[in-house]
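The values are calculated or read from the model by the stated rules, or taken from the named source; none is laboratory data. Not measured: the values here are computed from a predicted model. Neighbour counts are summed over all protein chains in view; Cβ atoms, including those assigned to glycine, are modelled from backbone coordinates with ideal geometry.
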Amino acid sequence: MNVPDLKKAKIRTNKPSLYKDVLKINSDIFKGQKYFLKTYGCQMNVHDSEQIRAILENLGLEETEIMEEARVIVLNTCAIRENAHDKVFGYLGRIKHLKKEHPDIIVALGGCMSQEESVVNEIIKRHPYINIVFGTHNIHELGNLILNNHKDQDIEVYSEEGCVYEGMDYQRDSKITAWVNIMYGCDKFCTYCIVPYTRGKERSRKMEEIIKEVNLLKEEGYQEVTLLGQNVNAYGNDLNLNYNFATLLEEVAKTNIPRIRFVTSHPWNFTSEMIDIISKYDNIMPYIHLPLQSGSNRILKLMGRRYTKEEYLDLVSKLKSKIKDVMITTDIIVGFPNETEQDFQDTLDVVNKVKYDGAYTFIYSPREGTPASKMPDNVTLEEKEKRLQRLNEIINQYSKESNERLIGKVEEVLILGESEKDLNKVYGYTKGMKLVNVEAKKDVIGKTINVLITDAKSFSLDGKEN
Ligand code: 5AD
Ligand code: SF4
């Protein structure tokens with residue numbers, strides 16, 4: 001993707017891929033004032049927002065849930081599908097209105113949308129009230145950008161690679177489970193996907209830094225870490241060191257942190273070595289999110305996914321036979337350009353063979369700048385919607401059956417908090433990542449308890465402490 005054509009804006013590009021420590025800014029310049037942070041999109045953005053929160057709080061700001069109270073408003077945006085864009089632009093209307101009444105408010109927009117040339121150009125033309133646009137590679141500079149903002153529009157996005165920064169503060173959402181970045185970016189360039197453009201090249205954190213972070217989290221009492229990467233199986237490939245994702249998983253397991261999860265796995269480089277490590281350690285959870293995207297070999301090729309339907313099914317049977325009680329979930333796109341009924345039937349065939357424990361399903365959304373967005377498409381939106389509905393019916397049936405299989409069983413559940421729907425209950429997750437609402441006293445929050453599963457809903461389970 002090209003560098004946005006910006007007139008007044010200061011732009012920095014092509015930072016070399018280096019390891020650096022962040023400079024932390026502490027100031028009480030905003031003491032007593034509030035910030036409002038809205039996060040869209042995936043776990044990577046949710047975790048980035050934990051960093052944004054720490055930066056804002058280091059400036060003396062306190063969080064508010066009410067946008068109208070805020071001196072600083074930050075939007076952490078998502079670009080994966082068009083509706084993610086629409087949501088953000090819809091929200092900007094409210095901010096524009098607020099800014100008219102309170103011109104002193106500082107508005108900053110970051111996340112994946114800020115890495116898109118067309119979005120940046122639109123912001124310059126139509127949204128001059130946005131003070132700061134920051135990228136996904138330079139979040140750590142947000143504090144400085146806010147301190148130095150003198151009301152002009154200040155756009156600082158990196159167009160390509162970034163460094164791997166260490167020593168960042170995080171204001172984490174939970175005291176029980178924590179996200180840990182193991183790598184940034186993606187080199188897979190699936191033809192429909194904007195992520196390689198908005199997040200840049202794959203950059204792995206050094207293993208010793210990751211282990212140091214996990215050990216610190218363990219000392220702080222964290223019960224679970226989720227290792228985060230667009231494509232965790234590629235971990236280490238860019239480093240030329242003697243380790244890979246399997247080595248990393250084993251080292252993280254040896255820290256004895258009680259629970260380890262990881263997202264997202266690409267079926268292409270999921271090795272037998274990784275499967276062996278997952279099955280060897282009790283603290284690596286038997287839960288794999290394994291995006292299928294399509295079950296048609298023709299479409300998989302056009303998507304640039306690097307595996308066939310048969311190879312995917314083969315991997316799933318290995319996972320099922322080697323990892324005890326493994327739960328498998330997936331992502332599926334329907335309506336890729338020129339997808340035929342036969343292609344769609346191949347997707348359903350995989351779904352019927354794997355019988356997923358859960359799935360996220362999407363209608364293909366063309367993303368500007370990606371190869372798929374230039375492919376001709378003869379499938380109507382109406383047909384795509386029908387396919388999505390047909391797919392969801394089957395997916396929901398399997399996920400319900402997967403929940404029902406657990407009725408009567410005793411599951412180890414890590415309790416995360418009070419249940420939102422029923423204040424007499426707490427909620428948590430099984431090892432296989434099933435959400436359970438549990439009848440239990442509040443003092444079990446933060447602990448792993450045995451729960452007898454008593455009932456299954458479509459998307460959650462009920463249970464009581466056993
Ligand atoms: N259209 C629809 N879905 C997409 N995804 C990624 N790009 C697109 C797109 N252009 C889906 C994929 C991916 C998930 C995070 O979002 O299924 O795994
Ligand atoms: Fe996108 Fe493919 Fe990378 Fe996943 S692996 S982030 S779908 S390009």
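Structural remarks
- On the stretch given as the stretch 243-256, residues that are in a helix (DSSP H, G or I) and farther than 24 Å from LEU414 by Cα total 3.
Yes or no, residue by residue, for (1) under 22 Å from GLN345 (Cα atoms); (2) hydrophobic (A, V, I, L, M, F, W, C); (3) touching a helix residue (DSSP H, G or I) at 6+ places or on another chain (Cβ under 7 Å); (4) in the same structural domain as MET113 (by TED's automatic domain parsing):
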position	(1), (2), (3), (4)
ALA372	yes, yes, no, no
ARG390	yes, no, no, no
ILE394	yes, yes, yes, no
GLY417	no, no, no, no
LYS434	no, no, yes, no
ASN437	no, no, no, no
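- Residue count for the stretch 156-215, restricted to those that are within 16 Å of ligand 1 (Cβ to nearest atom), of a type outside the set (S, T, N, Q), farther than 18 Å from GLY111 by Cα and surrounded by fewer than 22 Cβ atoms within 10 Å (Cβ to Cβ): 3
The rows are residues; the columns are (1) among the small types (Gly, Ala, Ser); (2) within 19 Å of GLU202 (Cβ to Cβ).
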residue: LEU228; (1), (2): no, yes
residue: ASN240; (1), (2): no, yes
residue: GLU250; (1), (2): no, no
residue: ALA253; (1), (2): yes, no
residue: ASN256; (1), (2): no, no
residue: ILE278; (1), (2): no, no
residue: ASN283; (1), (2): no, no
residue: HIS289; (1), (2): no, yes
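- The residue of the stretch 257-270 that is nearest to ligand 2 (Cβ to nearest atom), among those that are among the β-branched types (Val, Ile, Thr) and in a loop (DSSP other than H, G, I, E, B), is THR264.
- Residue match in the stretch 295-303 (condition: away from ligand 2 (no atom under 13 Å from the Cβ), touching a Phe, Trp or Tyr at 6+ places or on another chain (Cβ under 6 Å) and closer than 30 Å to LYS447 by Cα): no
- The helices (runs of 4 or more DSSP H) located wholly in the stretch 271-348 that include 1 or more residues which are within 16 Å of ligand 1 (Cβ to nearest atom) occupy 297-303, 309-322.
- Residue match in the stretch 41-54 (condition: farther than 24 Å from ILE182 by Cα and either hydroxyl-bearing (Ser, Thr, Tyr) or crowded, with 16+ Cβ neighbours inside 10 Å (or both)): no
Residue by residue, here is whether (1) under 23 Å from the mean Cα position of the chain (by Cα); (2) of a type in the set (Phe, Trp, Tyr); (3) on the phi > 0 side of the Ramachandran plot; (4) not assigned by TED's automatic domain parsing to the domain that holds SER204 holds:
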site: GLU82; (1), (2), (3), (4): yes, no, no, yes
site: PHE89; (1), (2), (3), (4): yes, yes, no, yes
site: LYS96; (1), (2), (3), (4): no, no, no, yes
site: GLY110; (1), (2), (3), (4): yes, no, no, yes
site: VAL119; (1), (2), (3), (4): yes, no, no, yes
site: LYS125; (1), (2), (3), (4): no, no, no, yes
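- All conditions but one from (1) free of Cβ contacts under 8 Å to residues at least 60 places away in the same chain; (2) surrounded by 15 or more Cβ atoms within 10 Å (Cβ to Cβ) apply to ASP28; the one that does not is (2).
- ILE66 being more than 16 Å from ligand 2 (Cβ to nearest atom), buried (at least 17 other Cβ atoms within 10 Å of the Cβ) and not assigned by TED's automatic domain parsing to the domain that holds TYR364: no
- The stretch 371-390 residues that are surrounded by 11 or more Cβ atoms within 10 Å (Cβ to Cβ), paired with ones that are basic (Lys, Arg) (beta carbon under 7 Å, 6 or more apart): SER373/ARG367
- When we screen ASN144, ASN83, ASN148 for residues that are more than 16 Å from ligand 1 (Cβ to nearest atom) and in contact (Cβ under 8 Å) with a residue 24 or more places away in the chain, the only hit is ASN144.
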